[in-house]
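Undergrad: Shown below is the structure under consideration.
Values quoted throughout were computed directly from the atomic coordinates according to the rules given, and no laboratory measurement underlies them. Note that the structure is a prediction, hence the values are computed from the model and not measured. Here Cβ is always computed from backbone atoms with ideal geometry, including for glycine, and neighbour counts include all displayed protein chains.
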Amino acid sequence: MKEKFSVVIAGGGSTYTPEIILMLLDNLDRLPLRKIKLYDNDEERQKKVAKACEILIKEKNPSIEYLATTDPEEAYTDVDFCLAHIRVGKLQMRELDEKISLKHGCVGQETCGPGGIAYGMRSIEGVLENIDYMEKYSPNCWMLNYSNPASIVAEATRRLRPNSRIINICDMPIGMEHSIAKIAGLESRKHMDIRYYGLNHFGWYTSVKDKSGKELLPKLVEHITEYGFINGEEGMKTAKKDSWFETNLFTREIIKTDPTTIPSSYLKYYLFQDYVVNHSNKEYTRANEVIDGREKEVFSACADIEKNGHSKGSSLQVGIHAEFIVDLAIALAYNTHERMLLIVENNGAISNLADDAMVEIPCIVGKDGYEPLSVGKIPIFQKGLIEQQLAVEKLVVEAWIEKSYQKLWQAIMMSKTVPSATVAKELLDDLIEANKDYWPELN
Ligand code: NAD
Ligand code: G6P
Ligand code: MN
């Protein structure tokens, strides 16, 4: 019989928690569980989803032990996997990140530009704190971390917890691969082999082959040049017209900057920063869409489940896009050697980038962790962009470690989304004020 595992979800009050619970429950045949715990440092917020999650688990498999707690010892004792998705400062701070950046004429985005830098300065301590609890109470546990901004968090853990069992992963490549598979007419992204390199939210696919080994990239580039990541005329009609639709559609512009690759849709924030700013609503940003959309929907669906005592008729859905987390846990648990895109230390994988760069590249995952695949030499265009962005991420982490105003100013002025040192300074001063409860005091 297969061993059964114990999982804790850190950031239990997240809007993603119920769909991740459903996804875990949907995969019990692949990853058997004996215990699921939620952990958050905000009891009130976690309560909004905790009871509903308990009901969902009882309905599917009453033998799974369940606990929602704000006590780190209870949360982290006897766990094999920690799925970490915390948001330090919550959506209210995301809204400020986005709006302060826009006020200064810069991209206002969750993980890119000044907003992402501000968020990074908040996240580092929260993620380290959770790693420390994990190491104290369950030293053999793996943390599968997708708390953002993933690149900065990954650099911080490389510097400050180099030996910890944390694996940094993002769902964006998987989301893009879903779109790519659909466009290519394949049933699943698992029916293709890809090559990709870059940083998190900052990368390029260089090859997409079907399982017979046929290269699909040129055809895909043709499609994306016309429709972006939208699935043709049909997708144009049926897709929900939110800011993600805009982002997916806009990839048709980004792809022109290098038509030999498929770019990450996030590159629009770095390569078309003027367009993005001019087309942003400074009063109503993505944070507002999420607060008025996903957050309300998830919390009200959870309240209904709690009130009814069952989930029949509920709108909550399995988080299909989060399946990669189960795949990753299974690869670690059962030594499957699955190939996955992870954020890892370069160490020569990209031969013309520094060894200590945290890059997003394909890795083989097994019982003892991951082994990065070799990428080789990358072109000047991508190398230049990556090195500039890497410098931003490294400066943020150094600024946090050294509590350095100077380095954080340099990080912001280094960002391709910021036009000058003057604007960077004005931005920084506003961000310091907004983040005084979250950042170390800078000197
Ligand atoms: P959310 O604000 O709804 O939930 C985050 C939760 O984290 C909150 O309940 C908050 O109280 C909790 N939290 C904050 N600091 C904590 C700490 N130190 N310890 C424990 N809990 C803490 O956020 P969300 O929109 O659901 O997103 C959650 C996170 O997942 C964000 O970082 C988001 O950027 C990230 N995310 C990443 C990916 C990816 O692919 N990398 C995909 C989706 C979301
Ligand atoms: C993708 C990215 C995440 C990001 C999320 C934002 O999934 O990979 O890193 O957090 O999008 O989505 P949202 O709906 O909150 O804007
Ligand atoms: Mn991501």
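Undergrad: Tally Lys/Arg at +1 and Asp/Glu at -1 over every other residue whose Cβ is under 12 Å from the Cβ of P372; what's the total? Mind dumping the intermediate values first?
TA: Values: positive: R339; negative: E345, D355, E360, E371.
Surrounding charge for P372 is -3.
Undergrad: Additional query: Over what distance in Å are the Cα centres of the stretch 49-122 and the stretch 244-258 separated?
TA: Using only Cα atoms to place each centre, the spacing works out to 28 Å.
Undergrad: Is the C-alpha gyration tensor of the stretch 88-187 telling us rounded, prolate or oblate? Criteria: a/c under 1.5 is rounded; beyond that, a/b larger than b/c is prolate, otherwise oblate. Intermediate results must be reported in sequence, preceding the final value.
TA: Details: a/c = 2.58, a/b = 1.10, b/c = 2.34.
Here the stretch 88-187 falls in the oblate category.
Undergrad: Same structure again: Is the stretch 338-443 best put as rounded, prolate or oblate by its Cα gyration tensor, with a ≥ b ≥ c the root eigenvalues, rounded for a/c under 1.5, and otherwise prolate when a/b is larger than b/c, oblate when not? It would help to have the intermediate numbers written out before the result.
TA: On the way: a/c = 3.09, a/b = 1.82, b/c = 1.70.
Since a/c reaches 1.5 and a/b is larger than b/c, the shape of the stretch 338-443 is classed as prolate.
Undergrad: Excluding same-chain pairs closer than 8 in sequence, count the lysine pairs in the stretch 18-101 whose Cα atoms lie under 14 Å apart.
TA: 5
Undergrad: Let me ask something else about it. How many Lys pairs in the stretch 314-433 lie less than 21 angstrom apart by Cα atoms, where the lysines are 8 or more positions apart or on different chains?
TA: Pairs that pass both the separation and distance tests number 10.
Undergrad: Related question: Can you give me the Cα centroid spacing of the stretch 279-327 and the stretch 210-225 in angstrom?
TA: Going from one Cα centre to the other spans 33 Å.
Undergrad: For a protection proxy built on the mean count of beta-carbon atoms within 10 angstrom, sort 271-279, 255-263 highest first, please.
TA: On the way: 271-279: 15.8, 255-263: 18.8.
Ranked from most to least packed, the peptides come out as 255-263, 271-279.
Undergrad: Between rounded, prolate and oblate, where does the chain land on the alpha carbon gyration tensor, with a ≥ b ≥ c its root eigenvalues, rounded for a/c under 1.5, else prolate if a/b exceeds b/c? Walk me through the numbers before you get to the answer.
TA: Values: a/c = 1.34, a/b = 1.16, b/c = 1.15.
In terms of gyration-tensor shape, rounded.
Undergrad: Looking at C106, I131, L160, which one has the Cα that reaches farthest to the positive end of the dipole of the stretch 96-170 (charges on Cβ: Lys, Arg +1; Asp, Glu -1)?
TA: It is L160, whose Cα lies furthest towards the positive end.
Undergrad: Please turn the phi angles of the stretch 273-286 into ³J(HN,Hα) values with the Karplus equation 6.51 cos²θ - 1.76 cosθ + 1.60 (θ = phi - 60°), one per residue in order, whole Hz, x for glycine and proline.
TA: Values, residue by residue: 4, 5, 4, 4, 5, 5, 9, 9, 8, 6, 9, 9, 9, 4 Hz.
Undergrad: Report, ordered by chain and residue number, the lysines lying within cross-link reach of K237, taken as a straight Cα distance under 19 Å and ignoring same-chain residues fewer than 8 apart.
TA: K182
Undergrad: Net charge within 13 Å of A150 by Cβ-Cβ distance, Lys/Arg positive one each and Asp/Glu negative one each, not counting A150 itself? Each step should come with its number before you reach the end.
TA: Values: positive: R87, R158; negative: E110, E155, D171, E360, E393.
That works out to -3.
Undergrad: Counting only C-alpha contacts under 8 Å and six or more residues apart, can you give the relative contact order of the chain as a whole percent? Please report the intermediate quantities before stating the final value.
TA: On the way: 794 pairs, mean separation 76.7, N = 443.
With pairs under 8 Å counted, the relative contact order is 17 percent.
Undergrad: State to the nearest 20 debye the size of the charge dipole of the chain about its Cα centre, where the only charges are +1 on K and R beta carbons and -1 on D and E beta carbons.
TA: On the way: 53 positive and 66 negative charges, 148 e Å.
Dipole size: approximately 720 debye.
Undergrad: Quick check on the exposure proxy: order Y266, Y284, Y119 from fewest to most C-beta atoms within 10 angstrom.
TA: Working: Y266 24, Y284 13, Y119 28.
Ascending Cβ contact count within 10 Å gives the list Y284, Y266, Y119.
Undergrad: Could you work out [θ]222 nm for the chain from helices alone, using -39500 (n - 2.57) per DSSP H run of at least four and dividing by all its residues? Round to the nearest 500 deg cm²/dmol. Mind showing how you got there, number by number?
TA: Details: 18 runs with 213 residues, N = 443.
So the helix-based figure for the chain works out to -15000 deg cm²/dmol.
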